[in-house]
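Data first, discussion second: the structure below is written as structure tokens.
The values are calculated or read from the model by the stated rules, or taken from the named source; none is laboratory data. Source: prediction; values computed, not measured. As a convention, Cβ positions derive from the backbone with ideal geometry for all residues, glycine included, and neighbour counts pool all protein chains shown.
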Amino acid sequence: MKRALALILSLVMCLGLLAGCGDKKTDDQTKDENTPLVVGYAAFNEKFSPFFSETEYDQDVWVMTSLGLLNSDRQGQIIMNGIEGETHAYNGTDYTYYGPADCEIVENADGTVDYNFTMRDDIVFSDGEKVTIDDVIFSMYVLCDPTYDGNSTLYAVPIQGMAAYRSGMTTLAKALAAAGRDNTDFTYWTEEQQTKFWDNIDKGLVPFAQGIVDACVEAGAADEGDVAAAGAAWGFSGEAKTVEDLALEIGEQYGWSFSAMEKEVGNSDALADMMDEDVYADYPTIGVKTGDSAANISGIKKTGDYSMTVTLDKVDATAIYQLGVTIAPMHYYGDPSLYDYDNNQFGFPKGDLSSVRAKTTSPMGAGPYKYIKYEDGVVYFEANDSYFLGAPKTKYLNFQQCMSDDDKLNGVITGTIDIADPSFSNDTVEAIEKANGGELDGDKITTNTVDNLGYGYLGISSACVNVGGEPGSEASKDLRKAFATVFSVYRNVAIESYYGERASVINYPISNTSWAAPQPTDDGYKVAFSVDVNGNDIYTSDMTAEQRYDAALQAALGYFEAAGYTVEDGKLTAAPEGAKLEYEVQIPADGSGDHPSFMMISEASKALATIGMNLIVTDLSDSSGLWDGIDARQVDMWCAAWSATVDPDMYQIYYSDVADHNGDPGIGKNPYGGPAQGGSNKMYCIADADLDSMILTARESLDQSYRKTMYKACLDIVVDWAVEVPVYQRQNAIIFSTERVNMSTMTPDITTFYKWYAEIENIELN
């Protein structure tokens, strides 16, 4: 259940009944061959990169322009024979699936596993250059580079030689910081680089840290000049005696990524304005070899111009999903003059992904469309006439940014948008039925619904919500369980009021569409947060709704008291060290409450207020900075949604330190001691050795029943940490303009795993 290259916020916003977004189409335009297919999207982050995208919307941009090495069918099964094609039955129809490559898996007598890939030899990129196995190898080496900090975790697959290749290297910024101001050994960097780095610390990071101290003093959280108290109030160790000490602690906590540091104060320009551009942008990403490191990944072997073998040390059930990498053109993202497979050159200098990062906003590949530009909220595409499955029948494609779900919906109704994905709420259903004369499918709109592979949740940062600065302590878990218990009791009414029958409450942090999801008939199945601090059931079957709310609140008081809060006459009167009587939950509901979890947190806030806990509900009118705040450990709690993959691997979300797995203890350093933290960009900050072990063990078996048992145990640990309250499993709706889209050409039998654009080359306008 890893995040699909990117974490997906639940952007279900409403600005009222707006006219649709995009340029209005007229009746005489509908038959113009230059009329674009217009798709409504939520806000873009403009990271249109197969390596560095962060949202589903940005991901879809580069998906239009790219090919993956392997494809999948309507049930999520990988197509192993893409060249000749595989025919699979679905819903009573036989479908044949093609892809760029074949894959043969061979389990060897010594326990290793070979993945033998053979590619088609007739595929070209949109600029006419041939696609070869060298492009695949280049792409894999980017994803496995020691300085790679995107969302792929290919480097976590047990490919032979991976650890040896990634060891002995760190970033220039981390190396300079570790060496100190007085270093006299310039083996790995120049004296000029060292001087420039520390000059920028003095003129950038130290004033930045001073700003944090000043903010804490102004807020009354620290006395003038008390840096230690200010640091503690901000969430750091509280051990910094000087502003410079605090600056260095900030740098260490954020792995010397200056862009990550500046998110600490929610000001994206703070450090960028005070520091030299090259130090700010380049020093945290340039790799420096400081020890022994292998020249190549021994398990990635080129066997021909269109073939390769990837050898794993052991069985890994998730590998097939990760090895089907996006094929990025080396001549575009890298440097062909730096590619010499036999001499361990792979299209870029090891530890230097600057050429790849430079193309983050402009994707290129061998997909059905060519990226043209992004302008005024619109992504413009043109058909790739060289697409291996045939040139798209609609020449132009626009992805149009919309401000709200209403904007998407009304765009389809009024003729400015052809396809959109508004949240399938009660309001959306009513609007569709009104436009269609009472039906979901009609003359105006055709509606397609599928189960969402992801799910809605409420997140709680253990780094922000803890007792005594120890996120993994029992007291800290009890604190978070107190909140989770109150949230969970209001899930039913909130979801029913928003989605009706189109969503259901879930009790484990995993999509119910996954084969690994616990079911009510399974042994040990439990309703989320339904026991008190003593392990007794909170609810009985004969309780009324009001009785359940009261019972949840009393159970929460028990958890608060166990966490160290003072409770007098049913009220919280004092918080233990490091905890508070006031916390905040942020929700991207456009300032109008239009979010499936809004009622849940609103009712929970009212209930908590009666026992002396102030829960501030911040309804974000602009959610673009929410994820940055979460990543910077500035957000106590938040509402969002996960998008998952077919295999429910939990590594990227819940493993203690994704970045550290293959040998760099500097990335994602745990400021609280113990294992480094980094799962899912440090959002939950779970550091649990048992959980780590079980996640990795589950990967090493192909026995699905065994893996399900292991994943249930993993989910139980996650629930015990109380960092995630599972809320809802919903249906997704894709709506099409019946008037303008030729529905007979639309991708048939759209599923959770096979999107509407899976066969976009066939889609025509009326």
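Looking at residue 111, is it in contact (Cβ under 8 Å) with a residue 40 or more places away in the chain and either over 14 Å from residue 327 (Cβ atoms) or surrounded by fewer than 19 Cβ atoms within 10 Å (Cβ to Cβ) (or both)? When the stated conditions are applied, residue 111 passes them.
Whenever a residue of the range 566-583 is free of Cβ contacts under 8 Å to residues at least 24 places away in the same chain, its partners that are surrounded by 19 or more Cβ atoms within 10 Å (Cβ to Cβ) and part of a strand (DSSP E or B), lying with C-beta atoms within less than 9 angstrom and at least six residues away or across chains, give the pairs 566/572. Pick out the one residue from 643, 656, 602 that is in contact (Cβ under 8 Å) with a residue 24 or more places away in the chain and over 14 Å from the mean Cα position of the chain (by Cα). After applying the criteria, what remains is 656.
Candidates in the range 52-102 are the residues that are free of Cβ contacts under 8 Å to residues at least 60 places away in the same chain and on the phi > 0 side of the Ramachandran plot; of these, the one that is farthest from the chain's Cα centre (by Cα) is 92.
Taken together, the residues in the range 547-565 that are more than 19 Å from residue 475 (Cα to Cα) and either of a type in the set (Asp, Glu) or touching a residue at least 12 places away in the same chain (Cβ under 8 Å) (or both) amount to 4. Those residues that are under 30 Å from residue 262 (Cβ atoms), in contact with a strand residue (DSSP E or B) (Cβ under 6 Å, 6 or more places away or on another chain) and among the polar types (S, T, N, Q), I need them from the range 579-629; list them, please. Within the range 579-629, 586, 597, 614, 618 qualify. For the range 382-405, a residue qualifies if it is under 17 Å from residue 329 (Cβ atoms) and in contact (Cβ under 8 Å) with a residue 60 or more places away in the chain, and the qualifying residues are 384, 386, 387, 388. Kindly check whether there is at least one residue in the range 173-184 that is surrounded by fewer than 13 Cβ atoms within 10 Å (Cβ to Cβ) and more than 29 Å from residue 231 (Cα to Cα). Yes.
Check off (1) under 30 Å from residue 531 (Cβ atoms); (2) assigned to a strand (DSSP E or B) for residue 734 and give me the number that stays unchecked. Single failed check for residue 734: (1). For the range 502-528, a tally of residues being closer than 24 Å to residue 75 by Cβ and either outside any loop (DSSP other than H, G, I, E, B) or within 27 Å of the chain's Cα centre (by Cα) (or both) returns 16.
Of all the residues in the range 92-148, those that are closer than 24 Å to residue 317 by Cβ, acidic (Asp, Glu) and in contact with a helix residue (DSSP H, G or I) (Cβ under 9 Å, 6 or more places away or on another chain) number 0. In the range 61-98, the qualifying residues are those that are part of a strand (DSSP E or B) and under 30 Å from residue 378 (Cα atoms), and the one that is modelled with the highest pLDDT is 68. Set side by side, the residues 126, 139 differ, and just one is in the same structural domain as residue 162 (by TED's automatic domain parsing) and in a helix (DSSP H, G or I), which is 139. Among the residues of the range 584-599, those that are over 11 Å from residue 621 (Cβ atoms) and either surrounded by fewer than 18 Cβ atoms within 10 Å (Cβ to Cβ) or without any contact (Cβ under 8 Å) to a residue 40 or more places away in the chain (or both) comprise 584, 593.
Residue 714 satisfies every condition listed in (1) in a helix (DSSP H, G or I); (2) farther than 30 Å from residue 559 by Cα; (3) of a type outside the set (Lys, Arg); (4) in contact (Cβ under 8 Å) with a residue 40 or more places away in the chain except (2). Among the residues of the range 132-139, are any modelled with pLDDT under 95 and of a type in the set (Gly, Ala, Ser)? No, every residue in the range 132-139 fails to be modelled with pLDDT under 95 and of a type in the set (Gly, Ala, Ser). Restricting attention to the range 611-632, and to residues there that are in a loop (DSSP other than H, G, I, E, B) and in contact with a helix residue (DSSP H, G or I) (Cβ under 7 Å, 6 or more places away or on another chain), which single residue is nearest to residue 471 (Cα to Cα)? Ranking the candidates gives 632 first.
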